Amino acid sequence: GQQLNQSPQSMFIQEGEDVSMNCTSSSIFNTWLWYKQDPGEGPVLLIALYKAGELTSNGRLTAQFGITRKDSFLNISASIPSDVGIYFCAGLVGGSQGNLIFGKGTKLSVKP
Amino acid sequence: DSGVTQTPKHLITATGQRVTLRCSPRSGDLSVYWYQQSLDQGLQFLIQYYNGEERAKGNILERFSAQQFPDLHSELNLSSLELGDSALYFCASSVVAGSYGYTFGSGTRLTVV
């Protein structure tokens, strides 16, 4: 079936650092989304991307929809402690009435 | 508060038992989705309902079933529970479909002992 490969699996951040993570697939997606999950909570939508090549920002977050429609990346600039959590990419399958396939997540933690 | 309500928040039960998880979607949302999240598998899509009808099925075991009622709330039934069914179960809802993203509830943590 369709799979999303997210990397890195985990990373440590120091306050003020920029962070980058990405998501790739062997399948084409027409919509990519990025979610963040805090401990004990459900994922929350951060950014949605609808067009190949699209670059979208939400505050310190920037995401891009790859031109091949098989990948996407998420950048976080000037990270702060509340950025810790698990970030998931998701691709829409089955057209506009379809459902989302999620990557396994990138866990962001604060450097000790 | 996301507007998607899941109950109970925690559930501990024994192997072989049956449980029902409940989800009330955000007001106005017609689609309901169920996901299972375990440590090693990430978020696995189980099943989708739209306005009372099953729309799509994912990796849902035969021991699991779901339905969406006329008032749009949904229930996920898990039977003959096994230790491996221990996981977080999330419900999400959307107005139309996934293209605008889902709103997730806070999940039900199921522990099978």
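Every number in this text was worked out from the coordinates using simple rules, so none of it is lab data. The shown structure was predicted, so the numbers you read here are calculated from the model rather than taken from an experiment. Heads up, the Cβs are rebuilt from the backbone with ideal geometry, glycines too, and the neighbour counts pull from every protein chain shown.
Listed values, structure above:
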| item | result |
| --- | --- |
| Estimated dipole of the stretch B:1-93 in Debye, rounded to 20 [Cβ of Lys and Arg +1, of Asp and Glu -1, Cα centre] | 80 debye |
| Loop GluC sites (Glu not before Pro), the stretch B:24-104, which have at most 15 other Cβ atoms in a 10 Å radius of their Cβ (DSSP) | B:E62, B:E82 |
| Pairs from A:K36/A:K70; A:K36/A:K111; A:K111/B:K9; A:K36/B:K9 whose Cα-Cα separation, in the structure shown, is over 24 Å | A:K111/B:K9 |
| Euclidean distance between Cα centres, the stretch B:32-56 to the stretch A:30-50, Å | 15 Å |
| Charge dipole (chain B, unit charges on Cβ, about Cα centre) - positive-most of B:A66, B:L30, B:F90 | B:F90 |
| Choice from B:D71, B:D29, B:D85 with maximal GNM fluctuation in chain B (Cα, 10 Å cutoff) | B:D71 |
| 17 Å tail of the calculated P(r), chain B, as % of Cα pairs | 49 percent |
| Using a Förster distance of 41 Å, the FRET efficiency for B:T111-A:I67 (Cβ separation, nearest 0.05) | 0.40 |
| Positive minus negative residues near A:S26 (Lys, Arg vs Asp, Glu; Cβ under 14 Å) | +1 |
| Separation in nanometres of the label points that stand 7 Å from Cα toward Cβ, at A:Q9 and A:I80 | 3.1 nm |
| Isotropically averaged projected area of chain A, using the convex hull of Cα atoms (one quarter of hull area), nm² | 6.8 nm² |
| Environment charge at B:I12 (Cβ cut-off 15 Å; Lys +1, Arg +1, Asp -1, Glu -1) | +1 |
| Cα-centred dipole magnitude for the protein assembly as shown, charges only on beta-carbon of K, R (+1) and D, E (-1), debye, nearest 20 | 180 debye |
